[in-house]
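Student: Before we start, here is the structure in question, set down as C-alpha cells.
The values are calculated or read from the model by the stated rules, or taken from the named source; none is laboratory data. Note that this is a predicted model, so its numbers are computed, not measured. Note: ideal-geometry Cβ built from the backbone for every residue, glycine included; neighbour counts use all protein chains shown. Each accessible area value is taken on the protein alone, full model and side chains, heavy atoms only, with ligands, DNA and RNA left out. Shrake-Rupley method; radii C 1.70, N 1.55, O 1.52, S 1.80 Å.
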Amino acid sequence: MFNLRSIFMVTAAILLAAVLLLLSGSAVHAAKNVITMKGSDTMVILAQRWAEIYMDNHPDITLQVTGGGSGTGIAALINGTTDICNASRPMKDSEKKKLRDRFYTTGVEISVAKDGIAIYLNASNPVAELSLQQLRDIFTGRITNWKDIGGENAKIILYSRESNSGTYVFFKDNVLKGEDYHAGAQTLPGTAAIVNAISRDMHGIGYGGVAYAKGVKFCRVKKDASSQGYEPNLETVSSGNYPISRDLYFYLRNKPSGIIKNFVDWALSPEGQKIVTEVGYFPVH
C-alpha cells in the first residue's frame with residue numbers, strides 16, 4: 001500500500017523529470033557554452049560564416065551548424081535537439097501546435113536576412129526572362145519544351161529540392177500556388193547540387209537561394225506577361241520588384257537570453273548584417 005510519503009516522492013520524481021525535459025536543449029547547451037543551429041540548406045553557408053567569425057571573437061563559445069533543410073530544423077526545434085532553427089520559410093500552424101504541445105510556447109520568429117529565390121539557367125540558354133505564370137506552367141509540366149517560351153526545340157529538364165526543404169515549400173506555395181511539381185522533376189539534396197547540375201545541362205532549369213548562383217545565369221522574373229523582368233539583387237529584393245522574395249529566419253523556443261541572445265543580437269548588428277551581404281544575401285536593415 002502507498003502511504004502519503006510514497007505518493008509525495010513519486011509525484012516529486014515526475015515533476016523533476018518534466019523539468020529536466022523542458023531544460024533539455026538550449027539550457028543544457030547554454031550551460032556548456034554550446035549553441036546548436038540546424039535547418040535550412042539555403043542558410044547553412046551564412047550560418048557557418050557567422051559561426052566562424054563569432055567563435056574567433058568569442059573563443060569561449062562553440063557554435064555547431066548543420067543543414068538538412070528547414071523542415072528538419074523545425075523538427076529538431078520541436079524535439080528539443082537544437083537551440084536555433086534556421087528556416088527559409090515561415091513555420092506552419094501545425095508545427096507551432098506541436099511546439100506548443102511539448103514546450104507550452106509557439107516559438108519566437110526572428111527575421112535575420114532577405115533572399116530572392118533565383119531561377120537558374122545554363123549560361124548557354126538563350127531564354128532571358130520568364131513570367132510567374134510561365135514558371136508555374138514549366139514546373140507543373142504544362143510547358144515541357146523550351147521552344148514554347150523562346151528557346152531551342154528541346155525538352156525542359158526540371159531540377160527541384162526535396163520536400164523537407166523550405167525553398168521547395170516556399171516555391172510551391174508562392175509560385176506554383178499549391179499545385180504539385182511535375183513528377184518528372186529531379187529532386188536534389190541541396191541548392192549547390194541544383195546549381196552544379198544546371199551548369200552542366202544546357203536544357204536545365206531550377207531554383208534556389210541567390211547566394212549559390214555560380215557558373216549559371218539568373219533568369220529575369222516578371223510578375224505577369226506585361227511587367228518588367230528583374231534579376232534578384234539588393235535593390236529589386238528590397239523594393240519588392242523581384243517577385244519571389246522572402247525572409248530568412250531564426251526560430252527559437254523562447255525569447256533568447258544569455259549566450260544565445262548575445263549571438264542573435266550580434267547576427268542582427270551591422271557587423272553580422274555585413275556578413276549577410278558578403279555571403280550573397282541581403283540585410284534586414
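Student: Using the per-residue mean of other Cβ atoms lying within 10 Å as a proxy for protection, in what order, highest first, do the peptides 124-132, 84-92, 99-107 fall?
Tutor: Taking the mean over residues of other Cβ atoms within 10 Å, the ranking is 84-92, 124-132, 99-107.
Student: If you don't mind, another one. Give the lysines whose C-alpha is closer than 17 Å to that of residue 155, dropping any in the same chain fewer than 8 places away, or say none.
Tutor: Qualifying lysines at Cα under 17 Å: 147.
Student: Could you give the angle, 0 to 90 degrees to the nearest 10, between helix 191-200's Cα long axis and the longest principal axis of the Cα atoms of the chain?
Tutor: With rounding to tens, the tilt is 20 degrees.
Student: Under a cut-off of 12 Å between alpha-carbon atoms, report the aspartates and glutamates in cross-link reach of residue 38, not counting same-chain residues fewer than 8 places apart.
Tutor: Within the straight-line cut-off, residue 38 pairs with 83.
Student: Run down the lysines and flag those whose C-alpha is under 21 Å from the C-alpha of residue 274, throwing out any fewer than 8 positions away in its chain.
Tutor: 114, 214, 261
Student: What are the extents of the Cα atoms of segment 114-269 along their three principal axes, in Å, largest first?
Tutor: Per principal axis, max minus min of the Cα coordinates gives 59, 30, 30 Å.
Student: Can you give me the angle between helix 4-23 and the longest principal axis of the chain, using Cα atoms only, in degrees from 0 to 90, rounded to the nearest 10?
Tutor: Here the helix axis deviates by roughly 30 degrees.
Student: Here's a follow-up. Placing +1 at every Lys and Arg Cβ and -1 at every Asp and Glu Cβ, with all other atoms neutral, what dipole size does the chain have around its Cα centre, in debye to the nearest 20?
Tutor: Using Cβ point charges on Lys, Arg, Asp and Glu, the chain gives about 620 debye.
Student: Also, I was wondering about something else. Ignoring ligands, DNA and RNA, what percent of the 1.4 Å accessible area of segment 102-220 is carbon and sulfur? Let's see the in-between values first.
Tutor: Details: 2230 of 4880 Å².
Exposed carbon and sulfur together represent 46 percent of the surface.
Student: Additional query: I need the per residue convex hull volume for the chain, using only the alpha carbons, in cubic angstrom as a whole number.
Tutor: 142 Å³
Student: What is the distance in Å between the Cα centres of segment 249-285 and segment 54-127?
Tutor: Each part reduced to its Cα centre gives a spacing of 12 Å.
Student: Scan segment 158-245 for trypsin sites (Lys or Arg not before Pro) in coil per DSSP, keeping those whose Cβ has at most 11 other Cβ atoms within 10 Å, and list them by number. Don't jump to the answer; show the numbers that get you there.
Tutor: Working: sites: 161, 172, 177, 200, 214, 217, 220, 222, 223; in loops: 177, 214, 223.
Taking segment 158-245 and a limit of 11 other Cβ atoms within 10 Å, the loop trypsin sites (Lys or Arg not before Pro) found are 177, 214.
Student: Under the Kirkwood approximation applied to all pairs of distinct alpha-carbon atoms, what is the hydrodynamic radius of segment 140-227 in Å?
Tutor: 13.8 Å is the Kirkwood radius here.
Student: Which value at 222 nm does the chain reach when only helices count, each DSSP H run of 4 or more adding -39,500 (n - 2.57), with the total divided by all residues and rounded to the nearest 500 deg cm²/dmol?
Tutor: Theoretical 222 nm ellipticity from helices: -12500 deg cm²/dmol.
Student: Further, regarding this structure: Percent antiparallel among DSSP beta bridges with both residues in the chain, to the nearest 5?
Tutor: Beta bridges within the chain, antiparallel portion: roughly 55 percent.
Student: Relative to the first principal axis of the alpha-carbon coordinates of the chain, what is the inclination of helix 270-279, with its axis defined by its Cα atoms, in degrees from 0 to 90 and to the nearest 10?
Tutor: 40 degrees
Student: Could you give me the radius of gyration and the Dmax of segment 174-221, taking only the C-alpha atoms into account and expressing both in angstrom?
Tutor: Looking at segment 174-221, its Cα Rg and Dmax stand at 11.4, 30 Å.
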